[in-house]
1. Sequence-distant or interchain residues sharing an amide H contact under 5 Å with A:Ala89, placed H: which?
2. Note the angle between two axes, namely the Cα long axis of helix A:8-72 and the longest principal axis of the Cα atoms of chain A, as a number of degrees from 0 to 90, rounded to the nearest 10.
3. Exposure proxy check: A:Thr93, A:Thr51 ranked by fewest other beta carbons within 10 Å?
4. Can you give me the relative contact order of chain A as a percent, contacts being Cα pairs under 8 Å and 6 or more apart?
5. Round to the nearest 0.05 the FRET efficiency obtained for B:Lys28 and A:Phe217 when R0 = 35 Å and r is the Cβ-Cβ distance.
6. What list of ³J(HN,Hα) values in whole Hz, one per residue of the stretch A:200-208 in order, does the Karplus curve 6.51 cos²θ - 1.76 cosθ + 1.60 (θ = phi - 60°) give from phi, with Gly and Pro shown as x?
7. When A:Lys60, A:Lys107 are ordered from fewest to most other Cβ atoms inside 10 Å of their Cβ, what list results?
8. What order do you get for A:Tyr213, A:Tyr115 when you list them from fewest to most C-beta neighbours inside 10 Å?
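Read-outs: derived from the displayed coordinates by stated rules, not from any lab. Predicted model, so just to flag it, every value in this text is computed and none were measured. Neighbour counts run over all protein chains shown; Cβ positions are idealised from the backbone, glycine included.
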Amino acid sequence: MLKLRQGQAAIALVCVVLGFMLAVQFRTAQDIRSSIPFQRIEDLSQRLSQTEKERDVLLKQVYELRQTAGDESATKESENIKMGAGVMAIRGTGLSITIDDSKRLSKPGENPNLYLIHDEDMLKVINELWAAGAEAISINGQRLIATSEVRCAGPTLSVNNTRYSPPYEILVIGEPQTLENSLKMRGGVVETLQFWGIQVSLKKQDAVDVPAYKGAFRFEYAKPVKDGGK
Amino acid sequence: MVLPLVGLIIGISVGVFFPLTIPVEYAKFMSVALLASLDSVFGGLRAGAEEKFDNTVFITGFFTNALMAAGLVYIGEGLGIDLYYVALLAFGLRIFQNLAIIRRYFLRK
């Protein structure tokens, strides 16, 4: 052991101060490392949730206003247009389809993407349904309208700019038997999906409720043509 | 050698239980001051081992070094010169030199 012949007391005194500084500095450095990004994340997530709440309230208002406006001038013509545009909730016979990711484990060396649902799979199903005379489709409560997108967004699916994760529930209004056959035909969509273990279940229903499109229509570039569209 | 260690432990425990944090802007100066103090302590240990220890020199050196280092870094910040790194380098070099000398004494007994 090192023999200190002189200045034991002074060094000890100074060491007290040094230890104090060390501890304080250590804590400060830790605070700097942890607090700033965390505060920022918290701040941002709080703002995000607040904005989302505001958006939901506004969407509800839009929806309600549209409903009341619809009651006043409910002619057959405008009703048809509204049903077609998807701004009206509708009910009818149809199918409810549930699609979920494969429960099978991918074998080593195999692409695990094959066992997941992709936008293409969903688009194939939807396309088949439209072709079979579907009158209205919704995915997880999002009504498909003319501008609806169905797109992979990371591991989730973005529909009408809202993201959903599996399982996806598709509600279709149309002739149930035709719809079912269109999906289940040999070499059809369902068969292909089931080959990869993706779980597809079809249920014929007497009353399917397809909700209305809840978003807003915004046309930034499109302008109506006044002179009869010549 | 026991007394300084006891002092260090007392200081650390006081610092841990003392609810004091340094504002982020001043953390830089504090770190330089801390390095200067570390340097002084190692210098003191070395002097003690060499039997050239002087109480006044040591105590004044400890405080003035720390304060001067922080002050210089502050002035450097005002002038747009990053004296922070200079101080780090200078003190760091000296700490390692002192450590090496202390180690030799330690081995020689």
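1. A:Ala212
2. Roughly 10 degrees, rounded to the nearest 10.
3. Working: A:Thr93 16, A:Thr51 10.
Taking fewest neighbouring Cβ atoms as first place, the list is A:Thr51, A:Thr93.
4. Numbers: 273 pairs, mean separation 63.5, N = 230.
Reported relative contact order: 28 percent.
5. Values: r = 55 Å, r/R0 = 1.56.
Working from the Cβ atoms, E equals 0.05.
6. Per-residue couplings from phi come out as 10, 10, 10, 9, 6, 9, 7, 9, 10 Hz.
7. Working: A:Lys60 11, A:Lys107 7.
Ordered from fewest to most neighbouring Cβ atoms within 10 Å, A:Lys60, A:Lys107 come out as A:Lys107, A:Lys60.
8. Numbers: A:Tyr213 23, A:Tyr115 16.
Lowest count first: A:Tyr115, A:Tyr213.
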